[in-house]
Amino acid sequence: MTEESVTAVRLAIVGSGPAGLTAALYAARANLEPLVIGGVPGGGQLTLTSEVENYPGFPDGIQGPELIELFRKQAAKFGARFMDDNVTGVDLTHRPFTLRTGTNGIVRARCVVVATGANARWLELPNEQRLRGKGVSACATCDGFFFKNREIVVVGGGDSAMEEALFLTKFASRVTILHRRGQLRASPILQQRARAHPKIGFVLDVDVVDVRGGEAVEGIVIREHGSGATRTIPAQGLFVAIGHDPATQVFRGALELDDRGYIKTREITRTSVDGVFAAGDVYDHRYRQAVSAAGLGCMAALDAEKFLEADAPEATSAPGVTPPVRVGL
Ligand code: NAP
């Protein structure tokens, strides 16, 4: 039987988006030598974004993947280590906590920051992914600015769809909300605001069938429930606002989650398990911005540092451990 590789660390950070990498930067500067188990491919939602214009400090904007690379470089400079792997199982019932990885064996950590983020739901249209960044988006705050005087379609009947549509009226000439039922799910106040807005129109009881366009979005194909007829709504933008799914499957049963799967926290970053902290979209379904996720990553690292200061030193190392298998960039 081959012996499984075991890596012992004081702090493991799971996830490598803005939250995880900011936690890594702060923890590394506090000499905690954090190990970032970044996921494969890693980097989070920013790696799927084109230009980011609202991250402070970049007046000319920056490409999402480049911003992530800079985060990573900055954390590595102060000693953060990286394991490009997925966490496939956890045991958080006692310390050190155990994190099982896909290909690098087991990581034992005295403290863990969970920053695995969330993923926007997509409509699974034939041309949706091909036109992402070319008119298809799931984030009005990120991309709305690029749609000045354009016609935009927003899909969804919840609060996010109303909020995205209202936000997009700042730029668009017209915003059409498409919803699959006759009734909206959104809270009455947001519905009222959207319905009262002169630039917003509604098309209800329809399915979105596809998005049309070569190098840019040109129209949204819909099917009406009643007649079954299909038609194309001319539009240069398609914003999908049908919800997000937190990446928490692996923590199910180990951490307290809410009914939608987001990690429940108290005092901002503390989870239901002492010594496990959460940062970013994995619990914050409200703001979901790179900068707010980074801020929460900072808070989680500071909380982890305090926790480790107070923690019993005998839990620091296990006999026979190997150093991290993949170190550095
Ligand atoms: P949500 O409430 O789950 O709404 C998702 C919407 O997308 C629903 O109308 C749903 O239709 C539709 N949908 C889901 N899957 C679809 C599919 N495959 N095709 C077409 N339509 C689909 O999600 P959310 O709007 O992102 O809100 C998430 C949570 O955050 C909610 O609790 C919300 O109240 C909260 N939130 C609050 C605010 C605020 O208070 N300002 C702002 C944003 C979000 P059905 O209605 O038919 O299910």
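The values are calculated or read from the model by the stated rules, or taken from the named source; none is laboratory data. Not measured: the values here are computed from a predicted model. Glycine gets a Cβ as well: all are built from the backbone with ideal geometry, and neighbour counts include every protein chain shown. Accessible surface is based on the protein model in full, side chains and every heavy atom, while ligands, DNA and RNA are left aside. Shrake-Rupley method; radii C 1.70, N 1.55, O 1.52, S 1.80 Å.
For segment 13-41, a tally of residues being open to solvent by less than 10 Å² (accessible area, probe 1.4 Å), of a type outside the set (A, V, I, L, M) and more than 16 Å from the chain's Cα centre (by Cα) returns 1. Among the residues of segment 71-93, are any in a strand (DSSP E or B), of a type outside the set (A, V, I, L, M) and within 30 Å of residue 161 (Cβ to Cβ)? Checked against the condition, which is being in a strand (DSSP E or B), of a type outside the set (A, V, I, L, M) and within 30 Å of residue 161 (Cβ to Cβ), segment 71-93 yields no hits at all. Taking segment 181-202 as the range and being more than 10 Å from the ligand (Cβ to nearest atom), of a type in the set (A, V, I, L, M, F, W, C) and either surrounded by 15 or more Cβ atoms within 10 Å (Cβ to Cβ) or under 16 Å from residue 241 (Cα atoms) (or both) as the test, the residues that pass are 194, 200, 202. Checked against (1) surrounded by 18 or more Cβ atoms within 10 Å (Cβ to Cβ); (2) in a helix (DSSP H, G or I); (3) of a type outside the set (A, V, I, L, M, F, W, C), residue 141 passes all but a single condition, namely (1). For residue 244, the requirement of being at pLDDT below 95 and in contact with a strand residue (DSSP E or B) (Cβ under 7 Å, 6 or more places away or on another chain) is met. Among the residues that make up segment 52-65, is at least one of them part of a helix (DSSP H, G or I) and closer than 30 Å to residue 6 by Cβ? Looking through segment 52-65, none of the residues is part of a helix (DSSP H, G or I) and closer than 30 Å to residue 6 by Cβ. Apart from one condition, residue 252 fits all of (1) at pLDDT below 95; (2) within 20 Å of residue 93 (Cα to Cα); the exception is (1).
A single entry from 48, 32 fulfils the requirement of being at pLDDT below 95 and either in contact with a helix residue (DSSP H, G or I) (Cβ under 9 Å, 6 or more places away or on another chain) or among the small types (Gly, Ala, Ser) (or both): 48.
Taking the criterion of being on the phi > 0 side of the Ramachandran plot and touching a residue at least 24 places away in the same chain (Cβ under 8 Å), the only residue of segment 226-249 that qualifies is 243. If we keep just the residues of segment 238-254 that are open to solvent by 40 Å² or more (accessible area, probe 1.4 Å) and part of a strand (DSSP E or B), which is nearest to the ligand (Cβ to nearest atom)? The selected residue is 245.
Of all residues in segment 102-124, those satisfying the criterion of being over 20 Å from residue 273 (Cα atoms) and surrounded by fewer than 23 Cβ atoms within 10 Å (Cβ to Cβ) are 102, 103, 104, 105, 119, 120, 121, 122, 123, 124. May I ask you to verify whether residue 10 is over 20 Å from the mean Cα position of the chain (by Cα) and outside any loop (DSSP other than H, G, I, E, B)? Answer is yes for this residue.
Here the condition is being among the polar types (S, T, N, Q) and away from the ligand (no atom under 16 Å from the Cβ); of 232, 141, 176, 169, it holds for 232 alone. Within segment 94-107, the only residue that satisfies the criterion of being assigned to a loop (DSSP other than H, G, I, E, B) and among the β-branched types (Val, Ile, Thr) is 103.
Within segment 53-103, being at pLDDT 95 or above, within 22 Å of the chain's Cα centre (by Cα), hydrophobic (A, V, I, L, M, F, W, C) and over 18 Å from residue 254 (Cα atoms) holds for 58, 67, 68, 70, 71, 75, 76, 80, 82, 83. Filtering segment 144-160 to residues that are assigned to a helix (DSSP H, G or I) and modelled with pLDDT of 95 or more leaves only 147. Residues in segment 144-164 that are open to solvent by less than 10 Å² (accessible area, probe 1.4 Å) and away from the ligand (no atom under 11 Å from the Cβ): 144, 152, 153. Residue 132 meets each of the listed conditions (1) at pLDDT 95 or above; (2) away from the ligand (no atom under 11 Å from the Cβ); (3) closer than 19 Å to residue 242 by Cβ apart from (1). Here is the figure for segment 1-29: residues that are in contact with a helix residue (DSSP H, G or I) (Cβ under 8 Å, 6 or more places away or on another chain) and without any contact (Cβ under 8 Å) to a residue 60 or more places away in the chain total 1. Has segment 203-214 got at least one residue that is touching a helix residue (DSSP H, G or I) at 6+ places or on another chain (Cβ under 8 Å), more than 11 Å from the ligand (Cβ to nearest atom) and of a type outside the set (A, V, I, L, M, F, W, C)? No, segment 203-214 contains no residue that is touching a helix residue (DSSP H, G or I) at 6+ places or on another chain (Cβ under 8 Å), more than 11 Å from the ligand (Cβ to nearest atom) and of a type outside the set (A, V, I, L, M, F, W, C).
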